[in-house]
Amino acid sequence: MTVVIHHNPDCGTSRNVLAMIRASGTEPVVVEYLKTGWTRPQLQALFAAAGLTPRDALRVSKSPAADLGLTDPSVGDETLLAAMLEHPILVNRPIVASRKGVRLCRPSETVLALLDAPLPENFRKEDGAPADPDLIPAS
């Protein structure tokens, strides 16, 4: 199965999700979106497949969202998309796509629903905590 992770190596959640994918026995396609940027069709397709709006996918913490005035609820989807294209950091991460679907994987355990194989019992996240399957949001 092909798994694609839109990844930020500076993000602990993104690193944990990548480690979980690899621990399940899959080597994913890793897209470092801060280097490659986004395209409008790419974001629109990912958001549609994940059931997200641009507002749902907007990263507010540790991003320029507030400084750019994007946290105001009156800011529309087209404005948010345009800002995300200009500032890729505005897209929350990691977004993972597999044949089982597309999800914004926060918390990191969300990725487990997209994988074919379970994690080894001894898997630990980078903080030493085990993955908690009870954190997988309902579809």
Exercise. Considering only DSSP beta bridges whose two residues both sit in the chain, what percent are antiparallel, to the nearest 5?
Worked result: 70
Exercise. Say a paramagnetic label sat at a point 7 Å from the Cα of residue 127, along Cα to Cβ; which residues of segment 81-101 have their backbone N under 16 Å from it?
Worked result: 94
Exercise. For residue 100, which lysines qualify as cross-link partners when the Cα separation must be under 26 Å and same-chain residues fewer than eight apart are set aside?
Worked result: 125
Exercise. Mind checking which lysines have their C-alpha under 16 Å from residue 62, skipping anything on the same chain fewer than 8 residues away?
Worked result: none
Exercise. Highest mean first, what order results for 121-132, 58-69 on Cβ atoms within 10 Å?
Worked result: 58-69, 121-132
Problem set entry | Eligible aspartates and glutamates near residue 35 by straight Cα distance, threshold 13 Å, same-chain separation 8 or greater | 10, 86
Seminar exercise, completed: Expressed as a percent, the accessible surface of segment 59-139 that is carbon or sulfur, using a 1.4 Å probe and the full set of protein chains, is 51
Exercise. Quick one, which of (1) 87; (2) 124; (3) 109 is the actual volume of the Cα convex hull per residue in Å³ calculated for this model?
Worked result: (3)
Problem set entry | Euclidean distance between Cα centres, segment 23-89 to segment 91-129, Å | 18
For this session: Output ³J(HN,Hα) for segment 18-35: one whole-Hz value per residue in order, computed from phi by the Karplus curve 6.51 cos²θ - 1.76 cosθ + 1.60 with θ = phi - 60°, and x for Gly and Pro.
Result: 4, 5, 5, 4, 5, 5, 7, x, 10, 9, x, 7, 9, 10, 7, 5, 6, 8
Seminar exercise, completed: Phi angles of segment 79-85, converted by Karplus (6.51 cos²θ - 1.76 cosθ + 1.60, θ = phi - 60°) into ³J(HN,Hα) in whole Hz with x for Gly and Pro, give 5, 5, 4, 4, 5, 5, 5
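Report the gain in length on full extension from residue 100 to residue 71: 0.36 nm times residue separation, minus Cα-Cα distance, nm rounded to one decimal. Show your work: numbers first, answer last.
Working: separation 29, 0.36 × 29 = 10.44 nm, distance 3.14 nm.
Contour length minus the Cα-Cα distance gives 7.3 nm.
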For this session: Please get the size of the charge dipole for the chain, origin at its Cα centre, with Cβ charges of +1 on Lys and Arg and -1 on Asp and Glu, quoted in debye to the nearest 20.
Result: 220
Problem set entry | Per residue accessible area of segment 1-123, 1.4 Å probe, in Å² | 47
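How much length is gained if the chain between residue 78 and residue 56 is pulled fully straight, taking 0.36 nm per residue apart and subtracting their Cα-Cα distance, in nm to one decimal? Each step should come with its number before you reach the end.
On the way: separation 22, 0.36 × 22 = 7.92 nm, distance 1.34 nm.
Between residue 78 and residue 56, full extension yields an extra 6.6 nm.
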Exercise. To the nearest 0.05, what FRET efficiency results for residue 135 and residue 86 with a Förster distance of 30 Å applied to their C-beta separation?
Worked result: 0.40
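The values are calculated or read from the model by the stated rules, or taken from the named source; none is laboratory data. Given the structure is predicted, the values throughout are model-derived calculations rather than measurements. Counting neighbours? That spans all protein chains shown, and the Cβs are built from the backbone with ideal geometry, glycine included. To get the accessible areas, we keep the full protein, side chains included, count just its heavy atoms, and leave off ligands, DNA and RNA. Shrake-Rupley method; radii C 1.70, N 1.55, O 1.52, S 1.80 Å.
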